[in-house]
Every structure is written in structure tokens, then in C-alpha cells.
Amino acid sequence: MQRYGARWVLPMDGPPVRDATVVVVEGRVADIQPSLPRDVVAADVVTPGLVNAHAHLEYGPGFADLATGGRPFPEWLATMIARRHALTTAQWEGEARASIVALLATGTTCVADVITHGPGIGAAADAGLAGISYVESVGIDTARWPAERARLESVLDAAPATRSVGVSPHTPYTLGTRVLEELTGVARERGLRLHPHLGESPAEDEFVRQGTGPLAESSRRMGLEFELLDVGCGASATSYLDSLGCLGRDVHVAHGVHLDAADRALLRGRGTAVALCVRSNATLGAGAAPVAAYLAEGSPVAVGTDSLASVTSLDLLDELRALRDLALAQGVPREGLCERLLSLATLGGATAMGLADVGRLAPGSRADLAGFSVTDPAADPFAAVVESGRCVLTVVAGTVVAGAVLSRGGAP
Ligand SMILES: [Zn+2]
């Protein structure tokens, strides 16, 4: 049995508990007791381990120059693709492990990780992270599909039993129409979840509607024969994915920046959550996600960092602060906003991945915890974490994996 105390425990699916102790038995939360004995180490605030709903851990610190390079999105993407073959398998694994250290140091214990090269799956399994590794297909037309299908299925088959996998069809503009349908079919046959990028840039909308623009040019340069080239489908990228069966409760999308009210209603109707990545969008000049609209409309929303190739940290609190600023700028009332944001980074991410036992602290849930010190422990604990939280403790399945800069002794 382990016990973790705090001035405030935020279970997230119930009210905050002051001067409380989370009791852990065999990696699961057994109880949240409304008392803080003197022999229990205590943080200012304890929350469920944070849930990062969109990351690419294999693009780790070695890609940090791309997050500060000021490249517009199509050029950034071309640079990423050009560098894909530059690293060895061991180096990709090293990148993923370095990203995981950064996650754990900042209280994230669950991640939707897009796997491009493979080693990230084992790295996440070794760290005991919750969440799903989504194996990505990118740059595939019908001619390339048979070989890609064999590769994808072998990566899925080789995944360790301790890590859940899914399928990530990269985007509507880097995969053929038939290929998108086939990828969706592979996931559904295996009962796996899907996680594509959607609505990241205006160029994507042009490509899907008309088959033209910079993304059409780059696919042509790569010799990819997509069905949409030069003709488009005359509809939005969201409608296009829906027409291919690529939305649903088993899907969550990344970014969701360039989605109009009809697109957002379609996602909501299908039960498809959106992982917002507002810092990455700002870096790549991709635009500002309609955060206020998502919140007002009651869309299922989660929060992701994207990778170190487009953000300067994997700290979800940095992401929440950027999201807060964007929400306030779009007119979202300040009242209750921090509680909502913290909910997106816990329950919201769990819902996006269909996980019932993470993102909350309740009897039976995984004992994944984040402890924070804050500048004003007497303040509203949600605001205190978002405004000034500094991770001092990370617990994965009951075991301390980072931090532990804690005081011993109960409430004064
Ligand atoms: Zn991404």
C-alpha cells in the first residue's frame, strides 16, 4: 500500500477534497481519505496523471530546431519528411525515451502517441505509460498500399502486450482515398482505435475541396497519385473523412483548427473528440483553433502537445496556459475556465481514447497521479495548478517515477 497526500486532491470526476490522502493498493486507487496524517508526504495539489491526447514521442529533443525555425506549415512538413530517414532505429528509440522523461517530469502519465518509426511503442511500454500508440501511415497511394498494409500489420502484431495500439491515418492529404478506407478497415477488423490529423491548415481544405494548392504540389513532387489531385471532392476535410467511415466514437482527431460549425457538429454527432494543440498551431502559423466554439457547443475536447518538432516543451501545463490565453481572447469567461481546462487535460483525454480508468482518481482507477507545488495553496486549486503549478511528483501505477520534492507531515 502507498499513500500520497495533498492540501487539495482533485479527483476530477468529483469535488476537490481538502487535506486528503490517496490510498493506493496494487497499482490502483483504493480510496481518497479526507485526512492528511503527519507521516504522509504531501504536495500542494494532487491530480490524476495528466493525459496528453496528441504527441509524436519519436520526434524528440533532436528535432527541437524545427520548433523554433519559423517555417510555414507546408515547408515544415516537407522538412520533417526529408529527415525521416536520417535516424537509426536506436536513435528513434532514444528520441522517444527522452520525450517520455519530459512527460514524466511534468506530470503526464497517459499519452496518445503517433508512431512513425516503431521504437516508440516499446519505449512507452517500458515506462508503463497509459494510453495508446497509434501506428501511422503517411505518404501512401493505392500502388504503395499492399506493402504498407504488410508493414502496418507486422508493427501492430509485434507490439508488446503491455501497450495498447491503434491506427493513425496521417491526414486526408497524405493518403489516397482508397487507402484511407482500407486503413479504417484494418483498425475496425482488429477492434483498434483511430487517430488522424484533421483541419490543421488552410492548405488542407484547399486540397480536399479542389485538389490544388501547396499540398497538391508536394504530393505530386513525391510521385503520389492521390484520387483527389486536381479534382478534389468539393466538400470539407471533415465531411470527406466521414464519407469514408473514418469518424466515430472510436476515433479522435488532432488539431481541429479549420473546422466550421457544420464540421464541428458532424464530429460531435459522431462522438469524435478533438485534441487541441494550440502551441503547435501557433509555431507553424496554422491558425487559431475555435476553442470558444468547441467549449460553447459541448464538443468532446482534449489537449495534446504535438511533438518537440513544433513545441518547446511537452509540459501539458504550458499547453493549458496557451489554451487559457486563446480561450480568453475568444471571449470565454474566466470564471471556471481553469477547472474546465484541467478537465480537458485529464477526463477529456481519457474520453478521447475511450479509457475509463485514467484521467480521474476514484476507487479502481489506475493509480497515476501528478503532484504540484503552487504559489498560493490557499487559492482555487484548479486556477493555482494552471497558473503556477510546478510538478513535484509523478506516480505511474502506484510507483513514484519522478519528483518527490515533498514535505513530510500533515496539514498545519
Ligand atoms: Zn501531429
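Every read-out reported here was derived from the displayed coordinates using simple, explicitly stated rules and does not represent laboratory data. If you're wondering where the values come from, they're calculated on a predicted model, not measured in any experiment. So basically every Cβ, Gly included, is an ideal-geometry build from the backbone, and we count neighbours across all protein chains shown.
Separation of segment 341-405 from segment 247-318 is 21 Å, based on Cα centroids. Suppose R0 equals 25 Å; then what is the FRET efficiency for Glu335 and Ala293 from their Cβ-Cβ distance, rounded to the nearest 0.05? After rounding to 0.05, the efficiency reads 0.85.
Projecting label points 7 angstrom from Cα along Cα→Cβ for Ala261 and Ala161 puts them 5.2 nm apart. Rounded to the nearest 5, the antiparallel percentage of DSSP beta bridges internal to the chain is 45%. Maximal additional length on extending the Ser243-Asp230 stretch stands at 2.7 nm, based on 0.36 nm per residue less the C-alpha distance.
Report the gain in length on full extension from Ala105 to Thr88: 0.36 nm times residue separation, minus Cα-Cα distance, nm rounded to one decimal.
Working: separation 17, 0.36 × 17 = 6.12 nm, distance 2.60 nm.
Stretched fully, the Ala105-Thr88 segment lengthens by 3.5 nm.
Value of Rg to Rh for the chain, rounded to two decimals, is 0.98; Kirkwood radius and Rg both from alpha-carbon coordinates. Here each label is just a point 7 Å from Cα along the line to Cβ, and for Arg220 and Thr312 those points are 3.8 nm apart. Only helices reaching 15 angstrom along their own axis (Cα) with mean Kyte-Doolittle hydropathy no lower than -0.5 count here, and for the DSSP H runs of the chain these are 89-105, 145-158, 316-329.
At 20 °C and 1.002 mPa s, grab the translational diffusion coefficient of segment 85-196 from Stokes-Einstein with a Kirkwood Rh over Cα pairs, rounded to a whole number in µm² per second. Mind showing how you got there, number by number?
Numbers: Rh = 14.4 Å.
This corresponds to a translational diffusion coefficient of 148 µm²/s.
About the Cα centre of the chain, how large is the charge dipole given +1 on each Lys and Arg Cβ and -1 on each Asp and Glu Cβ? Please answer in debye to the nearest 20. Each step should come with its number before you reach the end.
Details: 33 positive and 46 negative charges, 134 e Å.
Approximately 640 debye in magnitude.
A full extension of the chain between Arg38 and Arg151 corresponds to an added length of 35.2 nm, given 0.36 nm per residue minus the alpha carbon distance.
Considering only the other residues whose Cβ falls under 15 Å of the Cβ of Gly389, what net charge follows from Lys and Arg at +1 and Asp and Glu at -1? Net charge around Gly389: -4. When the Cα positions of Ala293, Thr283, Ala309 are compared along the charge dipole of segment 50-352, Ala293 comes out farthest toward the positive end, with charges on each C-beta of Lys, Arg, Asp and Glu.
Estimated purely from DSSP H runs of n ≥ 4, each contributing -39500 (n - 2.57), the mean residue ellipticity at 222 nm for the chain is -10000 deg cm²/dmol once divided by its residues. Across Val231, Val29, Val135, mean-square fluctuation computed from a Gaussian network of the chain (C-alpha pairs under 10 Å connected) peaks at Val231. Placing a label point 7 Å from the Cα of Asp357 along the Cα-to-Cβ line, the residues of segment 8-46 whose backbone N sits under 17 Å from it are 23-32.
Our summary of shape: the Cα atoms of segment 1-74 have principal axis extents of 54, 25, 23 Å, ordered from largest down, in whole angstrom.
How high is the FRET efficiency from Thr79 to Glu26, r the C-beta distance, R0 41 Å, rounded to 0.05? Walk me through the numbers before you get to the answer.
Numbers: r = 46 Å, r/R0 = 1.13.
Once rounded, the FRET efficiency stands at 0.30.
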